[in-house]
Amino acid sequence: MHISEGVLSPSVLIAGAALTTAGVAVGLKGLDHEEIPSMGILSAAFFVASLVHVPIGPSSVHLILNGLLGLILGWKAFPAILIGLALQALLFQFGGITTLGVNTLNMALPAVICYYVFGWGLRAGTRQVVFTATAFACGACAVLISGVLVGFSLYLTGEAFLPAAKLLVAAHLPVMLIEGVLTAACALFLRRVKPKLLEGQYVPRPSSS
């Protein structure tokens, strides 16, 4: 869902950059050193998954995995996604530097929203059927919200982009199903091998006193 350079209006670019800066600041606040490896791995997974693009007008369709990042990282998905998008822009010219803020917001904000909406389903003791359904819904809804935000970004720039925005959202409907299945599969695997990674955002940290 990378929006290319020279498409968005300056006001949309500035607003996107400002909101992304705020999101990254929240994500980095209180970051522990032991959380950095998991952030790096998930940022790399996001980077690789987003490399295969199908161009759709001024944007593109591809896997995102932002739902999975949101479930595991919460607000820390903002800096993780920012790093992945920055590397893609610098190494492969996907998206761009001026659109980095908007592109990050369009992918990271749905991750945070899904973290709050679906994160409860990953807690210890949740039945496997509920766990799987919740993880699937998280992956699918994150893509849907990202598609809507990308379309809205284009629409705010000019009504001439409205047909492209509608096409972009429709083109991501199959991606929603794929992302839902991938997110559920990854969540089930992590539940077996490292459940604390899924529940890390919800487990209270012991006091240092």
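The values are calculated or read from the model by the stated rules, or taken from the named source; none is laboratory data. Keep in mind the model is a prediction, meaning the values are calculated, not measured. Backbone-built Cβ (ideal geometry, glycine too); neighbour counts: all protein chains shown.
At a glance:
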{"quantity": "Ala164 being surrounded by fewer than 20 Cβ atoms within 10 Å (Cβ to Cβ), in contact with a Pro (Cβ under 7 Å, 6 or more places away or on another chain) and over 17 Å from Leu65 (Cβ atoms)", "calculated": "yes"}
{"quantity": "Residues of the stretch 1-10 that turn out to be part of a helix (DSSP H, G or I) and either touching a residue at least 40 places away in the same chain (Cβ under 8 Å) or surrounded by 13 or more Cβ atoms within 10 Å (Cβ to Cβ) (or both), as a count", "calculated": "0"}
{"quantity": "Members of the stretch 106-132 that are touching a residue at least 40 places away in the same chain (Cβ under 8 Å), outside any loop (DSSP other than H, G, I, E, B) and small (Gly, Ala, Ser)", "calculated": "Ala108, Ala111, Gly119"}
{"quantity": "Members of the stretch 149-180 found to be assigned to a helix (DSSP H, G or I), more than 19 Å from Leu109 (Cβ to Cβ) and of a type outside the set (A, V, I, L, M), listed by number", "calculated": "Glu159, Phe161, Pro163, Lys166, Pro174"}
{"quantity": "Residue among Gly74, Gly16 that alone is at pLDDT 85 or above, closer than 23 Å to Pro163 by Cβ and under 17 Å from the mean Cα position of the chain (by Cα)", "calculated": "Gly16"}
